[in-house]
Amino acid sequence: MKKLRIEKYIHHQLDESFTVPLGLIRILNTLLPSSAIDALNQKGLGLEQMVLADRLNKPYQASVEVEEKGIMKTVSITLL
């Protein structure tokens, strides 16, 4: 099963890295309310695009700036 690698960077230095199964994204895509999916899409993190990229055997990568515990971080998501 494919996975997503999620990496968090602070000032271009890797702070944290982990993977989640793509199946979890499929579940979230069906369970989350449309308002949450719309908010993720507006940030550039399209759950449906992740699933579609897997289905079409295409690459997927996205990044977004977030504030976590008062610290600005860049979160990068890559389909493995």
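The values are calculated or read from the model by the stated rules, or taken from the named source; none is laboratory data. In this text the structure is predicted, and so the values were computed from the model without any measurement. Counting neighbours? That spans all protein chains shown, and the Cβs are built from the backbone with ideal geometry, glycine included. To get the accessible areas, we keep the full protein, side chains included, count just its heavy atoms, and leave off ligands, DNA and RNA. Shrake-Rupley method; radii C 1.70, N 1.55, O 1.52, S 1.80 Å.
Below are the figures for this structure:
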{"read-out": "Check on residue 8, within 12 Å of the chain's Cα centre (by Cα), within 25 Å of residue 69 (Cβ to Cβ) and either open to solvent by less than 60 Å² (accessible area, probe 1.4 Å) or hydroxyl-bearing (Ser, Thr, Tyr) (or both)", "value": "yes"}
{"read-out": "All positions within the stretch 1-38 that are of a type in the set (D, E, K, R), outside any helix (DSSP H, G or I) and touching a residue at least 24 places away in the same chain (Cβ under 8 Å)", "value": "2, 3, 5, 7, 8, 15"}
{"read-out": "Residue check, residue 43 under 12 Å from the mean Cα position of the chain (by Cα) and either of a type in the set (Lys, Arg) or more than 13 Å from residue 6 (Cα to Cα) (or both)", "value": "yes"}
{"read-out": "Count of the stretch 66-80 residues which are within 21 Å of residue 27 (Cα to Cα) and open to solvent by 50 Å² or more (accessible area, probe 1.4 Å)", "value": "1"}
{"read-out": "Those residues of the stretch 11-54 which are within 25 Å of residue 71 (Cα to Cα) and surrounded by fewer than 12 Cβ atoms within 10 Å (Cβ to Cβ), in sequence order", "value": "11, 12, 13, 14, 17, 18, 38, 42"}
{"read-out": "Test result for residue 72, touching a residue at least 40 places away in the same chain (Cβ under 8 Å) and either touching a Cys at 6+ places or on another chain (Cβ under 8 Å) or closer than 17 Å to residue 2 by Cβ (or both)", "value": "no"}
{"read-out": "Test for residue 63: is it open to solvent by 30 Å² or more (accessible area, probe 1.4 Å), free of Cβ contacts under 8 Å to residues at least 12 places away in the same chain and hydroxyl-bearing (Ser, Thr, Tyr)", "value": "no"}
{"read-out": "Single residue of 57, 41 found to be free of Cβ contacts under 8 Å to residues at least 24 places away in the same chain, over 20 Å from residue 8 (Cα atoms) and not small (Gly, Ala, Ser)", "value": "57"}
